[in-house]
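To keep things clear, I will list the structure first and then write my remarks on it.
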Amino acid sequence: MESATAVGAHEHEHHGPPPANQSSRVESQFLGMVLFIISEVMLFGAFFTAYFFIRVVADDPWPAEGMELPVAIAGVNTAILISSSATMHWALESARNENRNGLRAGLLTTFLLGFAFLCIQINEYANIGFAPADNAQASIFYGLTGLHGAHVFVGLLLLLFATTRAFRGHFTTKQHRGVEVPGIYWHFVDVMWIFVYTTIYIL
Amino acid sequence: MLSHASLPVSLVSSVFAALGSVPAPTLVLNPLRSEREAFRFLIYVVVVVGAIVLAILLVRAIS
């Protein structure tokens, strides 16, 4: 009798629509990013398949005759991107340790490093000396590096949101999902670049 | 004496320590579980891919 009264009182206190059903233990924002990254791995896989088809199945030379890839500049870009992952991790650790200045500095530095990466890549495209339509190798080069560049651009947008929110004081030691999710995405973009740089520029 | 298996682990741990964090050991590394594990996975990829590339370039230079 008492429990029925308590339930009735509880129902009386509730306003608005009923809470959304959660069938998973994983938060929806987190699950969305995980599924997105899994689909992105498959997308990159398709481009890498085209690359290996040219090099292994068709046995074409890489890079094509007359093409010269700026390995050193891309190496500097690689260092910039790996550094940006370290600053991203530092930002999140600062958020966990109540270091608000560290969080802001880390996110801002990550954003600037990512922006520098993108600017260097655009400059590389402007001076590389061949176009995507020249041959299959050039198409794959622009396809893979351009796909990755698009992901860096999306990552920069996520970082811009996170940095703006950090400067507005939005994140706490317990509530920092808005930094963690872009962080996972940013590390994924870096891992992809390691493979892109290795296969396209070095090997 | 440092074994081969513990070499990447100690390297990753030192990177984490330099950045002010000590990650909790997990049985299986899942880079999609948390940012910490994603960063740890990135360091592993850098170390392993770097070693493979060095080995390939070395073999190419010799042959």
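The values are calculated or read from the model by the stated rules, or taken from the named source; none is laboratory data. All values derive from a computational prediction rather than experimental measurement. Here the Cβ is made from the backbone with ideal geometry for all residues, glycine too, and neighbour counts use every protein chain on show. These area figures cover heavy atoms from the full protein model, side chains too; ligands, DNA and RNA do not enter into them. Shrake-Rupley method; radii C 1.70, N 1.55, O 1.52, S 1.80 Å.
What the table shows:
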{"item": "Semi-axis lengths, Å, the stretch A:51-160, gyration tensor of Cα atoms, sqrt of 5 times eigenvalues", "result": "35, 13, 11"}
{"item": "Per-residue mean of C-beta atoms belonging to partner chains within 10 Å, peptide B:36-47", "result": "6"}
{"item": "Folded to 0 to 90 degrees: helix A:71-96 orientation relative to chain A principal axis, Cα", "result": "10 degrees"}
{"item": "Cβ-derived FRET efficiency at R0 41 Å, A:Ile38 paired with B:Leu58, nearest 0.05", "result": "0.75"}
{"item": "Where labels lie 7 Å past Cα in the beta-carbon direction, separation of A:Gln175 and A:Leu157 in nm", "result": "2.5 nm"}
{"item": "Peptide A:190-197, shielding by other chains (average Cβ, 10 Å cutoff)", "result": "3"}
{"item": "Rounded accessible area of A:Val154 (nearest 10 Å², 1.4 Å probe)", "result": "60 Å²"}
{"item": "More than 17 Å apart - percent of Cα-Cα pairs taken over the stretch A:102-203", "result": "57 percent"}
{"item": "Residue with peak Gaussian network fluctuation, chain A [Cα springs, cutoff 10 Å], from A:His15, A:His176, A:His89", "result": "A:His15"}
{"item": "Area hidden from solvent between B and A (accessible, protein heavy atoms only, 1.4 Å, total, Å²)", "result": "1900 Å²"}
{"item": "Label zone at A:Thr164 (point 7 Å along Cα-to-Cβ), backbone N below 17 Å, the stretch A:173-203", "result": "A:178-179, A:182"}
{"item": "Ellipsoid equivalent to the stretch A:104-147 - semi-axes via the Cα gyration tensor, in Å", "result": "29, 11, 4"}
{"item": "Carbon + sulfur, % of accessible area of the stretch A:24-133 - ligands and nucleic acids excluded, 1.4 Å", "result": "66 percent"}
{"item": "Angle between chain A longest axis and helix A:100-127 axis [Cα atoms, degrees, rounded to 10]", "result": "30 degrees"}
{"item": "Between the stretch A:61-105 and the stretch A:140-203, the alpha-carbon center distance in angstrom", "result": "9 Å"}
{"item": "Ratio of the Cα radius of gyration of chain A to 2.2 N^0.38 Å, where N counts its residues", "result": "1.37"}
{"item": "Approximate spin-label separation A:Asn123-A:Ile202, in nm, with each point projected 7 Å along Cα-to-Cβ", "result": "2.3 nm"}
{"item": "Drop in accessible area of at least 10 Å² in the complex versus isolated chain, residues of the stretch A:63-94, 1.4 Å probe", "result": "A:Ile82, A:Ser85, A:Ala86, A:His89, A:Trp90, A:Leu92, A:Glu93"}
{"item": "Rounded accessible area per residue of chain A, 1.4 Å, Å²", "result": "53 Å²"}
{"item": "Acute angle (nearest 10 degrees) that the helix A:2-13 long axis makes with the longest principal axis of chain A, alpha-carbon atoms", "result": "60 degrees"}
{"item": "Descending principal axes extents, the stretch A:25-99, alpha-carbon based, whole Å", "result": "55, 32, 12"}
{"item": "Nitroxide proxy distance, nm - points 7 Å out along Cα→Cβ at A:Asp134 and B:Asn30", "result": "4.5 nm"}
